[in-house]
């Protein structure tokens, strides 16, 4: 199997970044890691380790903050811990599982590699970097342990997988659209403008983008509930609202599917 891999490094408003990309059979996935003010945010994927290890080696940081446990965000955490001896922080909910051998579908192992076990410490609600105080904000929905990080001094918000794109068309089996909308509402109560997403990269007016995503998801929820009230099944609703089929659905054997959006809303989870 031939996977095409590449990475791009850069800097934006005091934030260094690396964006790694994997392509295979028409499916392209990417992920960012950020470093700023002595903080490393996420560690990238093990399959892209030659790029992310080099980034980890060259940027200056004293602590690692993981937005959540997924392997594209924590794939090189074991390397960061071993090479620097700096502490890694993660939501308490995932510390135990990350100490074990990772267990996730084969297609994700193909794209992101096999994450090695690592030891993390419980993420505090607030933490400090070289010159700033940060909020670690609970934002479940994409993952049960998801958090975003706000630099109070700069107003820069690091959103992990909360944003990704404004108009969600597919979701993972375990994702909760109602929880994501609640998390978006919570984050929008904070004071920020710039956003650094783990997949979309830098978004200058992050508040506006997150607001548009919230409005979109609320409209989808309304449409799903309305159609269901008229007697449509989940499959019928999915066909009406999401007629396009995406390669990731077949490739992931259904772990990513538009139908999960509909079922999440109907099940209220």
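A short reminder: the numbers here are calculations on the coordinates, not readings from a lab. No experiment lies behind these values; they were computed from the predicted model shown. Counting neighbours? That spans all protein chains shown, and the Cβs are built from the backbone with ideal geometry, glycine included.
List of remarks:
- A Förster distance of 25 Å, applied to the separation of the beta-carbon atoms of residue 253 and residue 119, puts the FRET efficiency at 0.20.
- Protection-proxy order for peptides 55-65, 36-46, each taking the mean of Cβ atoms within 10 Å per residue, highest first: 36-46, 55-65
- For the pair residue 245 and residue 96, label points projected 7 Å from Cα toward Cβ lie 4.1 nm apart.
- For segment 14-87 and segment 138-152, distance of Cα centres in Å: 17 Å
- Taking the square roots of five times each eigenvalue of the Cα gyration tensor of segment 163-259, the equivalent ellipsoid has semi-axes of 26, 17, 10 Å, listed largest first.
- Rounded, prolate or oblate (a/c below 1.5 giving rounded, otherwise prolate when a/b exceeds b/c) for segment 61-170 by Cα gyration tensor: oblate
- For the chain, the longest principal axis of the Cα atoms and the long axis of helix 258-267 meet at an angle of about 80 degrees.
- The peptide list 174-181, 104-111, put in order of mean Cβ contacts within 10 Å with the highest first, becomes 174-181, 104-111.
- Packing here is the average count of other Cβ atoms within 10 Å per residue, and on that basis the peptides 259-265, 118-124, highest first, run 259-265, 118-124.
- For the chain, the longest principal axis of the alpha carbon atoms and the long axis of helix 177-187 meet at an angle near 50°.
- Distance from the alpha carbon centroid of segment 98-131 to that of segment 244-267 works out to 24 angstrom.
- Between 217, 162, 188, the residue with the greatest mean-square fluctuation in the GNM of the chain (Cα pairs under 10 Å linked by springs) is 188.
- Taking 197, 238, 76 in turn, the Gaussian network model of the chain (Cα-Cα springs below 10 Å) assigns the largest fluctuation to 238.
- Highest GNM mean-square fluctuation among 93, 185, 244, for the chain modelled with Cα contacts below 10 Å: 244.
- Förster radius 30 Å - calculated FRET efficiency between residue 3 and residue 174 (Cβ-Cβ, nearest 0.05): 0.75
- Considering only the chain, percent of DSSP beta bridges that pair antiparallel, nearest 5: 75 percent
- Here, P(r) means the percent of Cα pairs in each 5 Å bin from 0 to the largest distance; for segment 4-267 it is 1, 6, 13, 17, 19, 17, 13, 8, 4, 2, 1, 0.
- Relative contact order (%) - criterion: Cα under 8 Å, at least six apart; region: segment 4-267: 14 percent
- Length available on full extension from residue 186 to residue 127: 0.36 nm per residue minus the Cα-Cα distance, which gives 19.4 nm.
- Over all pairs of different C-alpha atoms in segment 121-181, the reciprocal of the mean inverse distance, the Kirkwood hydrodynamic radius, equals 12.8 Å.
- Gain in span if fully extended, residue 226 to residue 138, counting 0.36 nm per residue against the direct Cα distance: 28.7 nm
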